[in-house]
Amino acid sequence: MSKLRIGLAGLGRLGQRYAENLARAVPRAELVAVCSPVESERAWARDTLAIPTIHDTFEDMLADPGIDAVVLVTPTSLHASQIEQALDAGKHVFCEKPLSLELEDCRRAAAHAAKASKRAMVGFVRRFDESYRNAFMHIEAGGIGRPFLVYSQTTDLADPTGAFLKFAPTSGGIFLDCSVHDVDLARWLLGRPKAKKVYATGTVAMYPPLEAIKDVDNGIAIVEFEGGQMAMFYASRTQAHGHDTQTDVTGTGGKVSVGRNPRADRVEIADANGVRNSVLPSFYERFAPAFVTQARHFVDAILDDTPFDLTMDDAVEATRIAVALRESQQSGQPVLLA
C-alpha cells in the first residue's frame, strides 16, 4: 500500500483535530471515512473536510472493505471493546489514551491484540513531542547518569463556567484523566520500571460538585518503582495562568527539564509590571505538532511494518498505576501493587 486508508470514530473536539491532521498533515494517510452518532458532527466532517463516506454507527464503518485502519477518539468507556471489534474486523487500530478506565478491560484488550493478525497502538502524545524526545535521547545517552527521580505535572487553566463537570463523572478521576500522561512519561524516561507502591491525595479547591463523585481538582501523588526509582506527580484543573505541563528527571550525574516556563511563544513583555510572557490556554495548543508526529508514526509503522514506540503493555501499565492512584486518593491509604 502507498497510503493507509483510515476510518475515524468520534468527532468531538479532539476527534475533529485528529480528522484535520489525518486529512491534511499526514501524507501517507487517506481519511476515507468517519462515523459519529451526532448529526452536527457528521455535518462538520462533510462540510469541512469533504469526507467521502460518513457513517452513523461504528459497526457500519467496520464493515467497509475500503478501510485498512481505524482511529478511535471515542469515549474512554468504549475503547477496549472497540479495539477488539476493529481487530476482529481485520483493521489496524490507533486509540487515543487511555486504553480503558478499568484494568481488567485493559488486560483483555491487550491479550486480544497480542493474538490478532492486525496491530493496535494506544497513543500517549507527549512521547512524540520534540522536547520530550530530545530529553529522552539525552537520558539514553547517559547525559544525567542513572535516572532515579521524575517530577511531572499536568495542570489546566481554570474554567469559571465549570463546563468540564459534565464530563467529570465518566473521566475516571483526575489521575486517570490527567496524570496518566505523566505516569507514562515517568516509566518511559526511567526505562520502563514496574511500580510497586503508590500514594495519592488531593483537594477540591474550586469545584465543590467533584466531592460527590470522590474526585478532586488538585491532586498529588508519589510512585515507588522497583530498583529504587521514584516519581512525583501533580495534577490540577484550577491554574490561573494557563496550561502548564512540565517534567524534571534527576539522575546520578545531572538533571534534565522540559517545559519549565510554559510560554506560548518567544515574546517577552517588559513594562512597569515587570517581565512576563503569555501562556497557552490548553493541552492541544501545547502538543499540536506532537499529535501530527504521533499520527505519522502510526501510519508509517503500519505501512513499513516497523515497531510502534509504545506497546499495549505500556498502556496497561499506565492504567494500572493511575487506577491505584485513584484508589489511594479515595481511601487515604497507600496502595501496594503486585
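The values are calculated or read from the model by the stated rules, or taken from the named source; none is laboratory data. Owing to the predicted nature of the structure, the values given are computational and were not obtained by experimental measurement. Heads up, the Cβs are rebuilt from the backbone with ideal geometry, glycines too, and the neighbour counts pull from every protein chain shown. Remember, those area values only see protein heavy atoms, side chains included, never the ligands or the DNA or RNA. Shrake-Rupley method; radii C 1.70, N 1.55, O 1.52, S 1.80 Å.
Can you spot a residue in the range 160-176 that is touching a Gly at 6+ places or on another chain (Cβ under 9 Å) and under 17 Å from His243 (Cβ atoms)?
Within the range 160-176, the first condition is being touching a Gly at 6+ places or on another chain (Cβ under 9 Å), and the residues that meet it are 173-175.
If we keep only those that are under 17 Å from His243 (Cβ atoms) as well, we get 174.
Yes; the residues of the range 160-176 include at least one that is touching a Gly at 6+ places or on another chain (Cβ under 9 Å) and under 17 Å from His243 (Cβ atoms).
Among the residues that make up the range 226-238, is at least one of them surrounded by fewer than 15 Cβ atoms within 10 Å (Cβ to Cβ) and either in contact with a strand residue (DSSP E or B) (Cβ under 6 Å, 6 or more places away or on another chain) or part of a strand (DSSP E or B) (or both)?
To start, the set of residues in the range 226-238 that are surrounded by fewer than 15 Cβ atoms within 10 Å (Cβ to Cβ) comprises 226-228.
Imposing the further condition that a residue be either in contact with a strand residue (DSSP E or B) (Cβ under 6 Å, 6 or more places away or on another chain) or part of a strand (DSSP E or B) (or both) reduces the set to 226.
There is at least one residue in the range 226-238 that is surrounded by fewer than 15 Cβ atoms within 10 Å (Cβ to Cβ) and either in contact with a strand residue (DSSP E or B) (Cβ under 6 Å, 6 or more places away or on another chain) or part of a strand (DSSP E or B) (or both).
Which of the residues that make up the range 188-211 are under 18 Å from Ala338 (Cα atoms) and touching a strand residue (DSSP E or B) at 6+ places or on another chain (Cβ under 8 Å)? Even if it seems obvious, please write down each step before you answer.
Initial filter on the range 188-211 (under 18 Å from Ala338 (Cα atoms)): 192-200.
Matches in the range 188-211: Pro193, Lys194, Ala195, Lys196, Lys197, Val198, Tyr199, Ala200.
So that you can scan it fast, the table gives a plain yes or no per residue for (1) over 14 Å from the mean Cα position of the chain (by Cα); (2) surrounded by 15 or more Cβ atoms within 10 Å (Cβ to Cβ):
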| residue | (1), (2) |
| --- | --- |
| Leu72 | no, yes |
| Ala86 | yes, yes |
| Gly90 | yes, no |
| Cys106 | yes, yes |
| Asn134 | yes, no |
| Ile144 | yes, yes |
| Asp156 | yes, yes |
| Phe175 | no, yes |
| Leu185 | no, yes |
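Suppose we keep only residues that are of a type in the set (Gly, Ala, Ser), buried (at least 17 other Cβ atoms within 10 Å of the Cβ) and within 17 Å of the chain's Cα centre (by Cα) within the range 111-132. Which one would you say is farthest from Leu189 (Cα to Cα)? Break it down into steps so the answer makes sense when it comes.
Taking the range 111-132 and keeping what is of a type in the set (Gly, Ala, Ser), we get 111, 113-114, 116-117, 120, 123, 131.
Among the residues that remain, those that are also buried (at least 17 other Cβ atoms within 10 Å of the Cβ) are: 113, 116, 120, 123.
Checking which are within 17 Å of the chain's Cα centre (by Cα) leaves us with 120, 123.
On the way: Ala120: 22, Gly123: 16 Å.
For the range 111-132, the residue satisfying everything is Ala120.
Can you give me the ranges of the strands (runs of 3 or more DSSP E) entirely in the range 24-112 with at least 1 residues that are farther than 19 Å from Ala301 by Cβ and out of contact with any Phe, Trp or Tyr (no Cβ under 7 Å at 6 or more places or on another chain)?
Output list reads 29-35, 53-55.
Does the range 148-169 include one or more residues that are farther than 25 Å from Ser236 by Cβ and of a type in the set (D, E, K, R)? Walk me through it before giving the result.
Narrowing the range 148-169 to residues farther than 25 Å from Ser236 by Cβ: 148.
Remaining after also requiring of a type in the set (D, E, K, R): none.
No, the range 148-169 contains no residue that is farther than 25 Å from Ser236 by Cβ and of a type in the set (D, E, K, R).
Filtering the range 285-314 down to residues that are under 27 Å from Gly259 (Cβ atoms) and among the hydroxyl-bearing types (Ser, Thr, Tyr), which residue is surrounded by the most Cβ atoms within 10 Å (Cβ to Cβ)?
Restricting to residues being under 27 Å from Gly259 (Cβ atoms) and among the hydroxyl-bearing types (Ser, Thr, Tyr), the top hit is Thr293.
For every residue, the table says whether it meets (1) modelled with pLDDT of 95 or more; (2) touching a strand residue (DSSP E or B) at 6+ places or on another chain (Cβ under 7 Å); (3) open to solvent by less than 20 Å² (accessible area, probe 1.4 Å).
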{"position": "Arg42", "(1), (2), (3)": "yes, yes, no"}
{"position": "Ala45", "(1), (2), (3)": "yes, yes, yes"}
{"position": "Thr48", "(1), (2), (3)": "yes, no, no"}
{"position": "Thr53", "(1), (2), (3)": "yes, yes, no"}
{"position": "Thr57", "(1), (2), (3)": "yes, yes, no"}
{"position": "Met61", "(1), (2), (3)": "yes, yes, yes"}
{"position": "Ala69", "(1), (2), (3)": "yes, yes, yes"}
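Does the range 12-25 hold any residues that are touching a residue at least 40 places away in the same chain (Cβ under 8 Å) and open to solvent by less than 10 Å² (accessible area, probe 1.4 Å), and which are they? Talk me through it step by step, then tell me what you get.
Initial filter on the range 12-25 (touching a residue at least 40 places away in the same chain (Cβ under 8 Å)): 12, 14-15, 17-18, 21-22, 25.
Within the range 12-25, Gly15, Leu22 qualify.
Could you identify the single residue in Pro169, Pro160, Pro208 that is touching a residue at least 12 places away in the same chain (Cβ under 8 Å), farther than 16 Å from Ile139 by Cβ and open to solvent by 50 Å² or more (accessible area, probe 1.4 Å)? If you could, list the steps in order and put the result at the bottom.
Details: Pro160 fails: touching a residue at least 12 places away in the same chain (Cβ under 8 Å); Pro208 fails: touching a residue at least 12 places away in the same chain (Cβ under 8 Å).
Answer to the check: Pro169.
Test Val256 against the criterion of being surrounded by 15 or more Cβ atoms within 10 Å (Cβ to Cβ) and touching a helix residue (DSSP H, G or I) at 6+ places or on another chain (Cβ under 8 Å), and give yes or no.
Yes, satisfied.
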